[in-house]
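Here is the structure we will look at, set down as structure tokens.
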Amino acid sequence: MEGNEVKTNHRKVALYLSIFPGAGQFYNKQYIKGFFFLILGASFLAVFYDLLNIGYWGLITLGTIPMEDHSIFLMVQGIIALLVTVVGLGIYALNLLDAYRNGKRRDEGTEIQSVSKQYHNLVDSGFPYLMITPGFLLLIFVVIFPILFVILLSFTNYSANNSPPANLVDWVGFKNYIELFQLDIWRNTFLNVFSWTIVWTFLATTLQIAVGIFLAVLVNQKELRFKKTIRTIFILPWAVPAFVSILVFAGMFNNTFGAINTDILAFLGMDPIPWLTDPFWTKFALIMIQSWLGFPFIFVMVTGVLQSIPNDLFEAATIDGASMWQKFKQITFPIVMYATAPIMITQYTFNFNNFNVIFLFNGGGPAVPGQNAGGTDILISWIYKLTLQQSQYGKAAAITMILSLIVITVAIWQFRRTKAFQEEDMM
């Protein structure tokens, strides 16, 4: 066999011939497969030639004639051309690999499998791949396409001032990213919004987790009666749609006619608080509202974990003289965090992009002089305003990319550090 490998070189010949789709298969005397790749290659060029031609031209130029060329449509066609090219290159690589492998089998003196036998081998060993292929192709256009569109849009000057088709959009490189830190209005707004987003994420999420764990541990005590009724009451905030609760809270916190000022604070003899017009008090109210909305989920989840902890652990700790706090610190809390850490992490990432409560409560307000974002806008609500209210599409895309990188980085870091994904046994 070693001698045959030296004397023959079918693998390289087949590989070189396969530069023309199907030729390598013809060389390996696999005529049906050769016709398949030949027809497939010819069909690909015939069907997608115009798309690839216009798509790549549009992606490079973004159009040259206003009112005739629509820059955004050309960008979309260009992205589709890119994706189609990737799929085509994958099939082309399969053509090369097939010719090379069968040429290698000829060099080694091994019998080349027939098309029928290869088909049965594919069905037997590659069935999972066949089943996920449609979903994978759909994933390319449903997930990959929007990501590519946002990435490319962040490198353009697309805004209301040059909106197509009356105007053309141009590539501007990293200008949008640079201006976020170079121009005062953008830098100040970005830093304020970003810092509030971090504070909001940490405080609102930590508070709702702390309240949920505290109430779950409290309700799980053996001596407590009417547990089912108490649990039902604590779950009620979860049963009401969040947007309804937020709108109700917006009315209750209204400066002039809200129940908080007119009834509760007045009953306590306190002056009205400007909940909707002072940034500090608006932020305070938002954190309280999110804690109200979020704690039932944590409460239910932790309650389930607590009921799975063996009583033997607590009995042994009691015999050793452990206090309530020591039992919680050494037994309850580690087990709860081990079982729920991944979901806890999602609570932080969820609140980092929690658009509903910010927008529905006060529209991200109150307004801040010298900034194009409200006093309680987080990054996601600021992106919404830049896109749908101020038509700063390029800037919004750049901020979206920064936001995505932050969320992905923090999520990966947290997931890698949590013991829930490690093999160590907590018990």
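The values are calculated or read from the model by the stated rules, or taken from the named source; none is laboratory data. The structure displayed is predicted, hence computed values, not measured ones. Cβ placement follows ideal geometry from the backbone for every residue including glycine, while neighbour counts extend to all protein chains displayed. Note: accessible area is taken over every heavy atom of the protein model, side chains too, but ligands, DNA and RNA are not part of it. Shrake-Rupley method; radii C 1.70, N 1.55, O 1.52, S 1.80 Å.
Elements of the type helices (runs of 4 or more DSSP H) sitting completely within the stretch 105-156 and holding at least 2 residues that are charged (D, E, K, R) and either open to solvent by 70 Å² or more (accessible area, probe 1.4 Å) or not assigned by the TED database to the domain that holds Tyr27 (or both): these cover 115-125. For Thr349, the stated conditions do not hold, so it cannot be described as in a loop (DSSP other than H, G, I, E, B) and either in contact with a helix residue (DSSP H, G or I) (Cβ under 6 Å, 6 or more places away or on another chain) or over 16 Å from Leu218 (Cα atoms) (or both). When the stretch 280-305 is filtered for residues that are open to solvent by less than 20 Å² (accessible area, probe 1.4 Å), over 27 Å from the mean Cα position of the chain (by Cα) and not β-branched (Val, Ile, Thr), only Ala285 remains.
Here Asn362, Asn372 are screened, and the one residue that is farther than 17 Å from Ile185 by Cβ, assigned by the TED database to the domain that holds Pro274 and either at pLDDT 90 or above or not acidic (Asp, Glu) (or both) is Asn362. Whether a residue is within 26 Å of Gln290 (Cα to Cα), of a type in the set (A, V, I, L, M) and open to solvent by 50 Å² or more (accessible area, probe 1.4 Å) was assessed, and Leu203 passes this test.
Considering only residues that are of a type in the set (Val, Ile, Thr) and within 21 Å of Thr197 (Cβ to Cβ), which ones fall in the stretch 239-276?
Step one: filter the stretch 239-276 for residues of a type in the set (Val, Ile, Thr), giving 240, 244, 246, 248, 256, 260, 262, 264, 273.
Matches in the stretch 239-276: Ile246 only.
Scanning the stretch 91-104 for residues that are hydrophobic (A, V, I, L, M, F, W, C) and open to solvent by less than 70 Å² (accessible area, probe 1.4 Å) yields Ile91, Ala93, Leu96, Ala99. Here Ser308 meets the list (1) in a helix (DSSP H, G or I); (2) polar (S, T, N, Q); (3) surrounded by fewer than 17 Cβ atoms within 10 Å (Cβ to Cβ) almost entirely, failing just condition (1).
Given the criteria out of contact with any Cys (no Cβ under 9 Å at 6 or more places or on another chain), open to solvent by less than 100 Å² (accessible area, probe 1.4 Å), assigned to a helix (DSSP H, G or I) and touching a residue at least 12 places away in the same chain (Cβ under 8 Å), does Ile54 qualify? Yes; evaluated as a whole, the condition is true for this residue. For the stretch 170-194, the tally of residues that are within 29 Å of the chain's Cα centre (by Cα), open to solvent by 60 Å² or more (accessible area, probe 1.4 Å) and not hydrophobic (A, V, I, L, M, F, W, C) stands at 6.
Within the stretch 372-393, does at least one residue satisfy the condition of being more than 28 Å from Ala250 (Cα to Cα) and in a helix (DSSP H, G or I)? Working first, answer last.
To start, the set of residues in the stretch 372-393 that are more than 28 Å from Ala250 (Cα to Cα) comprises 392-393.
Restricting the remaining residues to those that are in a helix (DSSP H, G or I) gives 393.
Scanning the stretch 372-393, I find at least one residue that is more than 28 Å from Ala250 (Cα to Cα) and in a helix (DSSP H, G or I), so the answer is yes.
For Ala216, indicate whether it is more than 27 Å from Ala397 (Cα to Cα), in a helix (DSSP H, G or I) and either open to solvent by 50 Å² or more (accessible area, probe 1.4 Å) or in contact with a Gly (Cβ under 7 Å, 6 or more places away or on another chain) (or both). Criteria not met by Ala216. Leu405 meets each of the listed conditions (1) farther than 22 Å from Phe249 by Cα; (2) not in a helix (DSSP H, G or I) apart from (2).
Scan the stretch 66-77 for residues that are in contact (Cβ under 8 Å) with a residue 40 or more places away in the chain and either among the small types (Gly, Ala, Ser) or open to solvent by 50 Å² or more (accessible area, probe 1.4 Å) (or both) and report the count. Matching residues across the stretch 66-77 total 5.
Just one of Thr277, Thr262, Thr232 is of a type in the set (Ser, Thr, Tyr), assigned by the TED database to the domain that holds Phe352 and surrounded by 15 or more Cβ atoms within 10 Å (Cβ to Cβ); which is it? If you could, list the steps in order and put the result at the bottom.
On the way: Thr277 fails: surrounded by 15 or more Cβ atoms within 10 Å (Cβ to Cβ); Thr232 fails: surrounded by 15 or more Cβ atoms within 10 Å (Cβ to Cβ).
On inspection, the qualifying residue turns out to be Thr262.
In the condition set (1) free of Cβ contacts under 8 Å to residues at least 12 places away in the same chain; (2) open to solvent by less than 50 Å² (accessible area, probe 1.4 Å), Phe26 is compliant with all but (2).
Only one residue in Gln290, Gln347, Gln307 is over 30 Å from Leu386 (Cα atoms) and among the polar types (S, T, N, Q), so which one is that? First the steps, then the outcome.
Values: Gln290 fails: over 30 Å from Leu386 (Cα atoms); Gln347 fails: over 30 Å from Leu386 (Cα atoms).
Just a single option satisfies the conditions, and that option is Gln307.
Candidates in the stretch 240-259 are the residues that are without any contact (Cβ under 8 Å) to a residue 12 or more places away in the chain and closer than 20 Å to Val357 by Cα; of these, the one that is surrounded by the fewest Cβ atoms within 10 Å (Cβ to Cβ) is Pro241. Of the residues Ile380, Ile331, Ile412, the single one that is at pLDDT 85 or above and open to solvent by 40 Å² or more (accessible area, probe 1.4 Å) is Ile380.
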